[in-house]
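To start, the structure itself, in structure tokens.
The values are calculated or read from the model by the stated rules, or taken from the named source; none is laboratory data. Source: prediction; values computed, not measured. Cβ coordinates were reconstructed from backbone atoms using ideal geometry, including for glycine residues, and neighbour counts include every protein chain displayed. Heads up: the accessible areas ignore ligands, DNA and RNA and are worked out on the full protein's heavy atoms, side chains in. Shrake-Rupley method; radii C 1.70, N 1.55, O 1.52, S 1.80 Å.
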Amino acid sequence: MKCRRAFTLIELLVVIAIIAILAAILFPVFAKAREKARTSSCSSNVKQLMTAEMMYVQDYDETFSPNYVDPGAVLGANGTNINWWRFPLAPYIKNWQIFNCPSGRPQDNAASPATQLIANYGYNGQLMGKAMAQVQSPASVICIADSLHWYADLYTGMVIPFAGKAATGWFDASQAANQLESNTRHQSGSNCGFADGHVKWLQFSALKGGMPAYITP
């Protein structure tokens, strides 16, 4: 008669320990791979937004899109409480999902004027309605990028590209106190679309060192 040999408690604990060690090693790798994919998807979104912006510029006498206010909108909109800049670009994209960053805050329908799109993308307020000829170095000025909020004012510019992860609020990205690595969304960096149409991921240190020039036409 054969005698069956079962696992001892020690052997079982060793196997469990090995599995736990492997999980601890592999889970961060999986998380980084997932965020890398989200970064690529976000970069594609920003590229499509910038392509739409460049098409708008060509259609409107080489002038950047304005902070358009939807006349049918509720909320007593004054042009600063909703990111209206998405509406002039929408006809060139025809896919509202593009306005949502994969690593940003989950949103309702981006086509709705009631949706504020906090913690997704922002537009450089200093470029709004400005002629392209007025921008001395379009390849060095950010137009659309990862953002915590959508609009600050025409003097400080958009609150980009230190996007943050908070659900509400805004801050001025040109202020050193707000230029934190934790305020970037994609692997210690942000996806940025420049005024000439090209898109680039910028590391936190590069963003911090380039402010406020990055948002100044």
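Annotations for the structure displayed:
- Selection count, the stretch 96-112, where residues are within 26 Å of Tyr60 (Cβ to Cβ) and without any contact (Cβ under 8 Å) to a residue 24 or more places away in the chain: 4
- Of all residues making up the stretch 95-119, the number that are modelled with pLDDT of 85 or more and polar (S, T, N, Q): 4
- Hits in the stretch 156-178 (condition: modelled with pLDDT of 55 or more and open to solvent by 10 Å² or more (accessible area, probe 1.4 Å)): Asp172, Ser174, Gln175, Ala176, Ala177, Asn178
- The stretch 39-67 residues that are touching a residue at least 40 places away in the same chain (Cβ under 8 Å) and more than 14 Å from Asn95 (Cβ to Cβ), paired with ones that are outside any helix (DSSP H, G or I) and basic (Lys, Arg) (beta carbon under 8 Å, 6 or more apart): Cys42/Arg185; Thr63/Lys130; Phe64/Lys130
- Scanning the stretch 113-133 for residues that are open to solvent by 20 Å² or more (accessible area, probe 1.4 Å), free of Cβ contacts under 8 Å to residues at least 60 places away in the same chain and among the hydrophobic types (A, V, I, L, M, F, W, C) yields a count of 1.
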